[in-house]
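The structure under discussion appears below in the form of structure tokens.
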Amino acid sequence: MLLLILFVLFYVVLKDNSLKLSADELTSSYDININAANKKFLEKEIELTGEVKSFFQFEGEKSLLELRTTNNELKLYCILINRETEEKASTLTAGTNVSVFGKCLGIKDYKFPNSIYIEAERIK
């Protein structure tokens, strides 16, 4: 039984190896040096905290959750990749603080140009 408990604790500790930062920290990193930010965050699991700015639902496509940042040049969008995150995001109002867990896709021209995208797996 003790071995099972140790295994579960070990798994939980290793499972939470995501980088933790705020929406402003991420946009500032990309604004200062895109190459350095890509080396640090691109395709990595991150836990991003921030304030909801808006929710976009597109017909037949993935919905987006925009997080508010102080950067006027770069916007930050979370692509909601599953039904659970989309349902959760659709209930959030502007100004709500959230934590988004997912993979950083870097700067893309996906829906909105010159924006940072996160592939959101979970919202808390």
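The values are calculated or read from the model by the stated rules, or taken from the named source; none is laboratory data. None of these values were measured; they are calculated from a predicted model. Reconstructed Cβ throughout: ideal geometry from the backbone, glycine too, with neighbour counts over all protein chains shown. The area values use the complete protein model at the heavy-atom level, side chains included, leaving out ligands, DNA and RNA. Shrake-Rupley method; radii C 1.70, N 1.55, O 1.52, S 1.80 Å.
Scanning the stretch 85-123 for residues that are modelled with pLDDT of 95 or more and open to solvent by 80 Å² or more (accessible area, probe 1.4 Å) yields a count of 7. Taking every residue in the stretch 18-33 that is over 16 Å from L67 (Cα atoms) and open to solvent by 50 Å² or more (accessible area, probe 1.4 Å) and pairing it with any residue that is of a type outside the set (A, V, I, L, M) and part of a helix (DSSP H, G or I), at least 6 positions away or on another chain, the pairs with Cβ-Cβ distances below 8 Å are L19/K40; L19/F41.
Could you tell me whether K53 is modelled with pLDDT of 95 or more, more than 10 Å from the chain's Cα centre (by Cα), farther than 12 Å from I123 by Cα and surrounded by 12 or more Cβ atoms within 10 Å (Cβ to Cβ)? Steps first, answer last, please.
Numbers: modelled with pLDDT of 95 or more: yes; more than 10 Å from the chain's Cα centre (by Cα): yes; farther than 12 Å from I123 by Cα: yes; surrounded by 12 or more Cβ atoms within 10 Å (Cβ to Cβ): yes.
Answer is yes for this residue.
Would you call E61 more than 14 Å from Y117 (Cβ to Cβ) and modelled with pLDDT under 95? In short, no.
From the list E66, E47, pick out the single residue that is surrounded by 15 or more Cβ atoms within 10 Å (Cβ to Cβ), in contact (Cβ under 8 Å) with a residue 24 or more places away in the chain, touching a Lys or Arg at 6+ places or on another chain (Cβ under 6 Å) and of a type outside the set (F, W, Y).
E47
Being part of a helix (DSSP H, G or I) and not polar (S, T, N, Q) is the filter; apply it to the stretch 38-76 and report the residue that is nearest to L92 (Cα to Cα).
Once the filter is applied, the top-ranked residue is F41.
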